[in-house]
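> There's a structure below that I have some questions on.
The values are calculated or read from the model by the stated rules, or taken from the named source; none is laboratory data. Everything quoted here is computed from the prediction, not taken from an experiment. Note that we place each Cβ from the backbone using ideal geometry, even for glycine, and neighbour counts take in every protein chain shown. Remember, those area values only see protein heavy atoms, side chains included, never the ligands or the DNA or RNA. Shrake-Rupley method; radii C 1.70, N 1.55, O 1.52, S 1.80 Å.
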Amino acid sequence: MSEQTFEAVVGKILNDNQGTRVLKFEHQGQFYWLKQAEKLTGAMRFLKQSPAKALQIEVETLVMLASKGAQVPQLMCSSPDYFVIADVGPTISAWLSDKTLSQDEKQQILNASATALANLHQLGLAHGRPALRDISWSEGQVHFIDFEASQNSKDIAYQQRRDLLVYIHSLYRYMGPDHEMITPAIQAYRDAGGEAIWLDAKQWLTPWQWIYPGLRLFKDIGGKDLRPMFWLLWHFRQLA
Ligand SMILES: Nc1ncnc2c1ncn2[C@@H]1O[C@H](COP(=O)(O)OP(=O)(O)O)[C@@H](O)[C@H]1O
Ligand SMILES: [Mg+2]
């Protein structure tokens, strides 16, 4: 069988998987991800921004971030309805739930992700929503993916502070009360140039500390979002 061109492979996959949000495929020994505009149903059609527009923003963000030296996957091709990027390995959330990894190995991966976030911020950039399912790690390299929530009109200090709070919230969301790896990871962020942003986030949260005693009730039983809020406030209370 003759070798198919990359374009032909993408065309066939698109044809067979119309409307599939994200799809991993292989071509000549390399893995890639095809992402198509989200198919919205029901009320979501009115509540969320246009999927085509969101996809376009994501492509523009990828190109802009790559041009500034950020660690993002290589963009292979794009159109108004889809784009293809290179595979950048398993996500941090996947590594954390990998039972074959030691605590030490997980700590190193976490620290690498926190350092990478600090590096991104040092470049004067922000991610938009750096949850652990949207950061990857492979052979020591960290990459950021999923830029749909990205690059709003607020100033960069606001975006970076929000990045850090989303990231810490996501850490507690995955690890819950079992969180001895989190403080060292955040220390890695602070040591890699993130100290000023960390202090800004801490100060920004201070007026919210009054809800801490109330949130204590939810620290074990609260929902997926509320419970990490308790730990987020807790985090900034521990550290002077
Ligand atoms: N380039 C990539 N390398 C590795 N994994 C990826 C890549 N792109 C997407 N993924 C995987 O697919 C998931 C969904 O992709 P994402 O871009 O986050 O879509 P969505 O906007 O629907 O959340 C990611 O959380 C990640 O697990
Ligand atoms: Mg995502």
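> From the list ARG173, ARG129, which one is among the charged types (D, E, K, R), more than 12 Å from ligand 1 (Cβ to nearest atom) and surrounded by 14 or more Cβ atoms within 10 Å (Cβ to Cβ)? Don't jump to the end; show me each part of the working.
Working: ARG129 fails: more than 12 Å from ligand 1 (Cβ to nearest atom).
Exactly one residue qualifies, and that residue is ARG173.
> Out of the residues in the stretch 157-170 that are among the hydroxyl-bearing types (Ser, Thr, Tyr) and crowded, with 19+ Cβ neighbours inside 10 Å, which is modelled with the highest pLDDT? Give the derivation first.
So the first thing to find is which residues in the stretch 157-170 are among the hydroxyl-bearing types (Ser, Thr, Tyr), and the list is 158, 167, 170.
Keeping just the survivors that are crowded, with 19+ Cβ neighbours inside 10 Å gives 167, 170.
Numbers: TYR167: 97, SER170: 94.
Once the filter is applied, the top-ranked residue is TYR167.
> Mind listing whichever residues of the stretch 132-146 are open to solvent by 40 Å² or more (accessible area, probe 1.4 Å) and more than 9 Å from ligand 1 (Cβ to nearest atom)?
Passing the criteria: TRP137, GLU139, GLY140, GLN141.
> Considering only residues that are more than 10 Å from ligand 1 (Cβ to nearest atom), surrounded by 15 or more Cβ atoms within 10 Å (Cβ to Cβ) and of a type in the set (Val, Ile, Thr), which ones fall in the stretch 56-91?
Selection gives ILE57, VAL59, THR61.
> Which members of the stretch 217-236 meet the condition of being loosely packed, with under 13 Cβ neighbours inside 10 Å and outside any loop (DSSP other than H, G, I, E, B)?
Within the stretch 217-236, LEU217 is the sole residue that qualifies.
> A further question on this structure: Here are some conditions: (1) crowded, with 22+ Cβ neighbours inside 10 Å; (2) assigned to a loop (DSSP other than H, G, I, E, B). HIS121 meets all but one. Which one does it not meet?
Going through (1) crowded, with 22+ Cβ neighbours inside 10 Å; (2) assigned to a loop (DSSP other than H, G, I, E, B) one by one, HIS121 breaks only (2).
> Ok, one more. Here's a check for you: in the stretch 85-138, which residue that is within 16 Å of ligand 2 (Cβ to nearest atom) and of a type in the set (Val, Ile, Thr) is nearest to THR183 (Cα to Cα)?
For the stretch 85-138, the residue satisfying everything is ILE92.
> Hey, can you tell me all the residues within the stretch 132-156 that are modelled with pLDDT under 95 and farther than 18 Å from ALA86 by Cβ? Show your work before the answer.
Restricting attention to the stretch 132-156, the residues satisfying the condition of being modelled with pLDDT under 95 are 146-156.
If the condition is that a residue be modelled with pLDDT under 95 and farther than 18 Å from ALA86 by Cβ, then GLU148, ALA149, SER150, GLN151, ASN152, SER153, LYS154, ASP155, ILE156 are the ones that fit.
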